[in-house]
Every structure is written in C-alpha cells, then in structure tokens.
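The structure appears below as structure tokens.
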Amino acid sequence: MDEKRSASVIEADVLVAGGGTAGAVAAIAAGRRGCRTVLIEESDMIGGTLTGQVLQHISSFHDGVGNQIIAGIPQQIVDRLAKLGGTPGHMPDTTGYSWSVTPVDHELLQFVLEQMLRDAGVHVMLNTRFERALVEDGVLRGCEALTSRSGPVTIRAAAAVDATGDAAVAAAAGAQCVGGGGQEQAMSILFTMAGVDVDAVLDYIQQHPEDFRSTSVTGPELRGLPVVTIWGFGALLGAGARAGEAPILRGEMHVSLWTQRRMAVVNVTRTAGDPLSDESRSEAILQLRQQALAFSRFLQKRVPGFAGAYLSKTGRGAFAHRAARKIVGDYTLTGEDLRGGRRFDDAVAQSFFPSDRHDARGPSMLVVDSGGVLDIPYRCMLPRGVEGLLAAGRCVSADTVASGSIRVTAPCMAMGQAAGTAAALCAQSGVSPRALDVQLLRQELVRDGVLLYTP
Ligand SMILES: Cc1cc2nc3c(=O)[nH]c(=O)nc-3n(C[C@H](O)[C@H](O)[C@H](O)COP(=O)(O)OP(=O)(O)OC[C@H]3O[C@@H](n4cnc5c(N)ncnc54)[C@H](O)[C@@H]3O)c2cc1C
C-alpha cells in the first residue's frame, strides 16, 4: 500500500466502512480500479452476516425461471470458493422458495474474501470501528475510527461507502435515516449440527411430505444432492413445543443438510430486539443462544437423523439482526416496485427474491412475492443530507417490504460492486457521487461482468 501514513492518519481515495458481503465487494471493486482503498471492519473477520451467522447459503443469483441476474465479483467469489471445495455452486432451491441457492463453507469463504481483498491491494483494518464522520460543508471527507489495540486513527478519503449494514456512517454524518427500533424483523442465531444421519432425515422427508412446504421437493431426487435445503418439520416442532422441549412455538424450520459432511445448518431461533441498543441486543443474543441449545436438544430427541448429532457451532451475536437503520436516499425502493418487478434507467444491480419478514413474536413470517426482476436504482444508495458518501447492502434506501427482499446476500454483493465502482470513479475524477454520470457507471459495471437489464 502506498497511502501516506503519519502516526495515525491514513490518506486514501476510497474508504469502505463495514466488511460484510456488500463492503468486501465494494472494496475489491475500488481496489481493482487502482484506488488506494481502506476497508475498516469492527469485527475480526470478513464476510459479515454471511460468514459470522453461518448462513445456509447465498440467496439469490437467479430470477424465478433460472436466468442468472447477478454475476461480476459475486460470481468470481463463488468460482474461487468452488475451486477450494467451499461450495457446490448454484443449486436448485429444493424448498421451491427461490430458483437457486448457493451454499457456502463459512471458513473457506473468509479465506477467499481476504485473498481477493489482498489481490485488489485493499488495506484491510480488522478490529477497527467507525466512530465519527469528518464532514466539511456537508461533504464527508473521511472518518475517525477506533482500532482495538493501536488507538484512534483518522482516515481521509475522496469518497466513501457505508456498508455497515446499520447506516452508521450516514447517521453520524447527519444524513437522513430511518428505522432501527427492532420492529421490522426478528433477530435470530443460526446453528450447525454435526454427525447427522442424513439418510434418516431424507427418509422422514420422503415419508412425510405433508410436514414440508407444498413447494418443496420431498422425493428420492433429494438423494445424491451435495446440499439439501428443506423447510418444514412443523408437526415435530408443534409436538416439541407442547412437550416443553422446543423453547418457542415455530411453525417451520429451515434446514440445510450438507450430505457428505453429515452437517446441518438450522435456522429456527428468533426473538425481538433493538439492534441499535447494546442492552436490548445483548439480552436478545443471550436468549437466542439459549434457544439454539434447547432446539439442538429438541432435534436430538424428536427429529429423525439427529439422535447422534451434536451442536457444533452457533452464529455470532453481532450478526443476529436482519434489519436496523437505513438511509433515506434520493429514491426509496418500495413494496410496489417489488410487486411490479420495476425497472429503472439508473439501475446498478438486479434482484429477485420474495420479501420475507420474520415475525419476532409469531411462529412464521410474512412473505410478499416479487412480480419480476427488481432493479436497484443508483439513487437508493445516495443518502440525503450529505455528499461524498454512498450506501451499499442492507442499509440502502428501501421500505420495509422492499428491504425484506433486497437484503439477501447476492443483491448486497451486487450493490457493493456498484457502490465501490462508483466511489472509485468519483475519487478518480473528482466528482461527488450525486453528480456521477450513472450511464457511465452502468457501462463500467457491465464491462466488469455485472448483469444489467437494458430496455
Ligand atoms: C439470521 C439471519 C439469517 C439470514 N439468512 C439469509 C440467507 O439464508 N440467505 C441470504 O442471502 N441472506 C440471509 N440473511 C440476510 C443477509 O445475511 C444480510 O442481509 C446481508 O448479509 C447483509 O450484508 P451487508 O454487507 O449489508 O451487512 P453485514 O453482513 O451485516 O455487514 C456489515 C459489516 O459492517 C460491520 N460494521 C458495523 N458497524 C460498523 C462500524 N461502526 N465500524 C466498522 N464496521 C462496522 C459489521 O461488523 C459487518 O461485518 C440473513 C440474515 C440474518 C440475520
């Protein structure tokens, strides 16, 4: 890295705050364009919720009929992970909820993301928390961050991307923001079970198709798949709740079985909590981990195939919230846009996924189907009230329904590539993100392998 450093000041072209799926891809995109790029990440790992919450898979690279709509850097990540044996690639979603899922090995994914950041020349600062925005005349000029060992650091940059998931930079810079009270989505901790008798689970699924979503594949074709995704077990969950074994009443759980590894990722815990309140968040995390333990016991006792399995990992509490604060952008994507599969002239990413809102106090979730491929316009990334800053990932401007759809990891990565490329173009040409020629940005994205709809 050739950024000029004094004791605690770093001069950069592009600052990316947050090293989750959106931020990692944004930093790779900016670094590859030759920008001095600094990525600050509060935790000690890259990948955010995807790696830290041991998610079942990346959703969703395809539209409803199998056309790939997200490629570019996100696809390169999948390709590199596949070479290491860390993903079987895009697979049919056997729950029928979406067209494809892309299961990932969370440990190997971290290696891949770190290597790609290094290859792109990004200066990665782990254990470094964004603290304060440096704003001059309404323009973000950088930030003050706090490292865990070396104290405070000032990072000055020509353009910045807020990929903190919680719009931490935008809020600190005085931009308009909404949400964060924890009403929008339940918090959950996923967990993995090792030593699963996969054949016994598949036998149960085949013998009890009525216990699974009606769209699910439940027949013999599940055998031989490297990863089986299944959504149901409602009868067993109900019996477990009545017997006091399941800690909360759930109508269904989402289970991904890595068949060769005899490992299952289980998504079933949930509680309410305010992700922006440390006290509320701590309480929720403690409750969720208790639930994970209790549900693992329930699985051992009630669910065929799990009697000899054991709880092998729980997701990290820092990544338990699905939604928090978002920016108010120059455009706010809406549920109407989602239902209509709306297209935009300034689209910089595409998405196709139902809006799902996990009810913190009920047994299931609210689902709104997508009417078609939804474009994510560039204006959703421009926070009102501050210049020099873009948002990417789940904190972009969207109402509750639209956000429930575009928050999944593939669109977050696609937004990251768009925001990182935009920030690089701005830094190199001296224009502010709001003044950037969007059609030029779209051309650059397409040149870099991004799939965009052209009317
Ligand atoms: C329980 C659960 C299950 C889910 N299931 C799925 C699924 O099956 N498939 C799917 O595709 N999506 C799923 N999602 C949604 C998806 O994981 C997230 O919406 C997506 O990962 C968001 O990506 P992001 O990069 O915007 O944010 P994040 O992944 O949250 O990354 C934000 C990063 O910013 C960092 N950060 C925050 N504040 C600061 C700060 N002040 N300074 C520095 N760094 C900071 C964080 O540590 C984090 O690394 C799930 C989410 C949850 C919570």
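The values are calculated or read from the model by the stated rules, or taken from the named source; none is laboratory data. This one's a predicted model, so the numbers in the text were calculated from it and none came from an experiment. Neighbour counts are summed over all protein chains in view; Cβ atoms, including those assigned to glycine, are modelled from backbone coordinates with ideal geometry. Ligands, DNA and RNA are excluded from the accessible area calculation, which covers all protein heavy atoms including side chains. Shrake-Rupley method; radii C 1.70, N 1.55, O 1.52, S 1.80 Å.
Tabulated data
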quantity	calculated
Structure-based [θ]222 nm, the chain - -39500 (n - 2.57) summed over DSSP H runs of at least 4, per residue, nearest 500	-9000 deg cm²/dmol
Total charge dipole magnitude, the chain, about the Cα centre, Cβ charges on Lys, Arg, Asp, Glu only, Debye to nearest 20	580
Per-residue SASA entry for E136, accessible area with 1.4 Å probe, Å² rounded to 10	90
Net length gained if the chain between R223 and Y310 were fully extended (0.36 nm per residue, minus Cα distance)	29.1 nm
Kirkwood hydrodynamic radius over Cα pairs of segment 191-317, then Stokes diffusion coefficient at 37 °C and 0.692 mPa s, in µm²/s	218
Equivalent ellipsoid dimensions for the chain as semi-axes, Å, which come from the Cα gyration tensor, largest first	37, 23, 20
Descending semi-axes in whole angstrom, ellipsoid equivalent of segment 341-425, from the Cα gyration tensor	25, 14, 11
Inter-part distance where segment 300-333 and segment 25-45 are each reduced to a Cα centre, Å	25
Using a Förster distance of 25 Å, the FRET efficiency for A235-R361 (Cβ separation, nearest 0.05)	0.70
Helix 198-207 vs. the chain, principal-axis angle (Cα, 0 to 90°, nearest 10)	70
Helix 72-83 axis, angle to the chain major axis (alpha carbon atoms, nearest 10°)	50
Point-to-point label distance, R242-Q176, nm (Cα→Cβ direction, 7 Å offset)	5.2
Probe 1.4 Å, all protein chains present, accessible-area order of H208, H106, largest first	H208, H106
Degrees, to the nearest 10: 21-32 long Cα axis against longest axis of the chain	40
Additional length obtainable on full extension of the chain from R118 to D197, 0.36 nm per residue less Cα span	24.5 nm
Largest-first ellipsoid semi-axes for segment 1-159, taking √(5λ) over the Cα gyration tensor eigenvalues, angstrom	33, 15, 14
Where labels lie 7 Å past Cα in the beta-carbon direction, separation of D330 and Q68 in nm	3.1
Residue-level accessible surface for C177, protein heavy atoms, 1.4 Å, Å²	40
Sequence of L366, L293 from largest to smallest accessible area, 1.4 Å probe	L366, L293
Label-point separation in nm, E136 to D369, each point 7 Å along Cα→Cβ	5.4
Size of electric dipole in segment 114-153: Cβ of Lys, Arg +1 and of Asp, Glu -1, about Cα centre, debye, nearest 20	160
Most to least accessible of L276, L286, L257 (protein chains only, probe 1.4 Å)	L286, L276, L257
